Structure formats: structure tokens, C-alpha cells
Amino acid sequence: MKILVINPNTTVSMTNKIATVARAVARPDTEIIAASSHDGPASIQGFLDVATCVPGLLKEVAQHKDVDAIVIACFDDTGLDAVRTLMSVPVLGIGEAAYHAASMIANKFSVITTLSRSVPGLENNLMRYGLAQKCSRVRATEIPVLKLEEGDPATLDKIRSAIRASIDEDNAEAIVLGCAGMADLMAQLSEEFGLPVIDGVSASVAFAEALVNNRLSTSKIGAYSYN
């Protein structure tokens, strides 16, 4: 099967990181096609960026009519409903996938994200998905998204501090990494802290494969109908 993993921002280094993570977890017979938007913000940090990246996202998605599933690799689940309306194949957002994965393996989880201005949007999504009661807290590290591309040890230390606080203060039993730029940290942090650390890119690729294998597609009766 072919899965399009699309980064709605225009930062190619982040797309390459996302592609590496997606290919590492995909089945041998799954082809990961990684793409970036060509129009829009370099990073997505809050409501304005979410809105301005959607036209470029839709334009890029429309170029990939032959894929079996689509993963939108932005933790805000940017443009998720619009892409589900545009396409008939399964479309997954990495935020939604990560939240559901966490809810199935832990009683309570915390989300570690980037800037404080991103927190309200993530909280809104948790309520929309019916999972707010499973989330102890959404914690901001005040790390700009593009800072995650630099590999600065101080950046990783901030993420570690937020995870420790989530365990000690939130009673979190699992951690959700709330940015696609953190996707490569899942295994390292899971081992270090001794609890599940969930990356939405990995979760969404696995869920996408399951949906395709079960011959499930996006319903075109109602909200996601073409007309």
C-alpha cells in the first residue's frame, strides 16, 4: 500500500525526519511517500499558522490521487476535516492518532508540546475527540518548533523536565509528544522514563495500515460528502 505522509509546513528538514520515522515503523510492503506543503508557514504554532497552511496543504494533497491513505503530520491535525472531504481514502491526523493510542494503553496521559499559544488548540481537539478526560494536562515547553531541528541538548533537557513534571505532578501514565518535530525522540524517552512515550507519526502510520487492511475508507454520507 501507499501512504502519503504530508507535512503541512514548508520546512523540508522536518519532513525528512518525519519520513524516516514513518518508514521505520511501516510494514515492509508499505510505501511511504513524504511531502511538504510548498505554500504556507515554515512552522505551525497556533491558530493563525493552522489557518494559513491549509490552502497549501490541500493543493499538495490533490497531487496524490493514487495513495491508499494519508497522514497529516502536524499535531494540530491541521486541515483534517477538509482533507477527509477532498479524499475518499482514510485520512489521519497525528494528534488524533496519538491521543487514541495513549487512551488505549494508559488511564491518564499528558501532552508535551512546544509553545503556550499552541495549547488551546490541542485542548480543543481533545474535547472534540472525546478524550479530554483522559488527558491530565497539555504542557508547553516554550520550545519553538524549528528549534527542534537543531539537535540542541538543552532542547531535549526541556522536554525531559516536562516529562518528569508530568509524571510527578500530573500522575501521567503515558506521554504524548505534541509536535511532529519530536517524532524521533519516542524510543529514547520511553526507555529513559520507563513509561510509554507516544509519537503521533508512528501511531498514525500503524492505524492507517490497519484501516486500509480492513478495507475501510472515509464515509461520503454526511459531513465528509463531496457535495
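The values are calculated or read from the model by the stated rules, or taken from the named source; none is laboratory data. Predicted model, so just to flag it, every value in this text is computed and none were measured. In this analysis, Cβ positions are derived from the backbone assuming ideal geometry, glycine residues included, and neighbour counts consider all displayed protein chains. To get the accessible areas, we keep the full protein, side chains included, count just its heavy atoms, and leave off ligands, DNA and RNA. Shrake-Rupley method; radii C 1.70, N 1.55, O 1.52, S 1.80 Å.
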Pair list, Cβ < 8 Å and 6+ apart or interchain, from the stretch 204-227 residues that are over 23 Å from residue 99 (Cβ atoms) to residues that are part of a loop (DSSP other than H, G, I, E, B) and open to solvent by less than 70 Å² (accessible area, probe 1.4 Å) = 220/88; 226/220
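Could you count how many residues in the stretch 156-186 are over 19 Å from the mean Cα position of the chain (by Cα) and either open to solvent by 30 Å² or more (accessible area, probe 1.4 Å) or under 24 Å from residue 97 (Cβ atoms) (or both)? Give the steps one after another, and end with the answer.
Going residue by residue through the stretch 156-186, those that are over 19 Å from the mean Cα position of the chain (by Cα) are 157-158, 160-161, 164-173.
Okay, now just the ones that are also either open to solvent by 30 Å² or more (accessible area, probe 1.4 Å) or under 24 Å from residue 97 (Cβ atoms) (or both), so 157-158, 160-161, 164, 166-173.
Qualifying residue count for the region: 13.
Would it be correct to say that residue 227 is more than 27 Å from residue 11 (Cα to Cα) and modelled with pLDDT under 95? Spell out how you get there, then give the answer.
Values: more than 27 Å from residue 11 (Cα to Cα): yes; modelled with pLDDT under 95: yes.
So residue 227 passes the test.
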query = Give me the pairs: first residue in the stretch 161-179 and over 13 Å from residue 137 (Cβ atoms), second residue small (Gly, Ala, Ser) and buried (at least 22 other Cβ atoms within 10 Å of the Cβ), beta-carbon distance under 8 Å, and six or more apart or on different chains, which are they?
reply = 177/98; 177/183; 177/200
ask   = What do you reckon, is residue 195 among the aliphatic types (A, V, I, L, M), open to solvent by 20 Å² or more (accessible area, probe 1.4 Å) and out of contact with any strand residue (DSSP E or B) (no Cβ under 8 Å at 6 or more places or on another chain)?
value = no
remark   = Every listed condition ((1) touching a Leu at 6+ places or on another chain (Cβ under 7 Å); (2) surrounded by fewer than 20 Cβ atoms within 10 Å (Cβ to Cβ); (3) at pLDDT 95 or above; (4) not aromatic (Phe, Trp, Tyr)) holds for residue 144 save (3)
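Name the residues in the stretch 103-113 that are of a type in the set (S, T, N, Q) and in a loop (DSSP other than H, G, I, E, B), would you? Don't jump to the end; show me each part of the working.
So in the stretch 103-113, the residues of a type in the set (S, T, N, Q) come out as 103, 107, 110, 113.
Answer for the stretch 103-113, where residues must be of a type in the set (S, T, N, Q) and in a loop (DSSP other than H, G, I, E, B): just 107.
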ask   = Only one of (1) touching a Ser or Thr at 6+ places or on another chain (Cβ under 9 Å); (2) among the aliphatic types (A, V, I, L, M); (3) without any contact (Cβ under 8 Å) to a residue 12 or more places away in the chain is not met by residue 104, so which one is it?
value = (1)
query = Quick one: would you say residue 89 is touching a strand residue (DSSP E or B) at 6+ places or on another chain (Cβ under 8 Å) and of a type in the set (A, V, I, L, M, F, W, C)?
reply = yes
